[in-house]
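Here is the structure we will look at, set down as structure tokens.
Coordinate-derived values only; no laboratory data. Please read all numbers here as calculations on a predicted model, not as lab measurements. Here the Cβ is made from the backbone with ideal geometry for all residues, glycine too, and neighbour counts use every protein chain on show.
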Amino acid sequence: MQIPYLIAAILAAVTGLVHSVLGEILIFRHLRNGSLVPALAAPPLRVRNVRIIWATWHLATLFGWAFAGVLLQLALGRPMSAQLAISAIVFAYLGGAVLVLVGTKGRHPGWVALAAVAALTAASAA
């Protein structure tokens, strides 16, 4: 077992969780009107700006968790396979595409690019 990798994996996972939870508590809860995705403006930001910030906020968490998964595999001494790296990439980018799609009601084109990265990565591995 590689302890430094294990500590890094735990730290990455916990940081992502704390980042999302604190963001929800300290920032986004004030911008909701009973919905999952913030739906109130925060001048000078319009609602659509707040929604993409919300999606991007949680995208950082997803990417952190994907890297935590890779670090955990390294900690366990498992050989780093291409399949593991591909799975982490697909998880992060597909999750990000869903966040941006839902968060912006499909109005921000970033979800298309994120989904394309996930799809192309998965297809290349097949």
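A few notes on this one:
- Rounded to the nearest 10 degrees, the inclination of helix 110-125 to the longest alpha-carbon principal axis of the chain is 20 degrees.
- Relative to one another, the C-alpha centroids of the stretch 68-109 and the stretch 1-32 are positioned 16 Å apart.
- Placing +1 on the Cβ of every Lys and Arg and -1 on the Cβ of every Asp and Glu, with nothing else charged, gives the chain a dipole about its Cα centre of roughly 440 debye.
- Relative contact order of the stretch 3-125: 27 percent, from C-alpha pairs under 8 Å at least 6 residues apart in sequence.
- The angle separating the long axis of helix 47-75 from the principal Cα axis of greatest extent in the chain is about 10 degrees.
- Seen against the Cα atoms of the chain and their longest principal axis, helix 82-103 is set at about 10 degrees.
- A Cα-only calculation for the chain places Rg and Dmax at 16.5, 50 Å.
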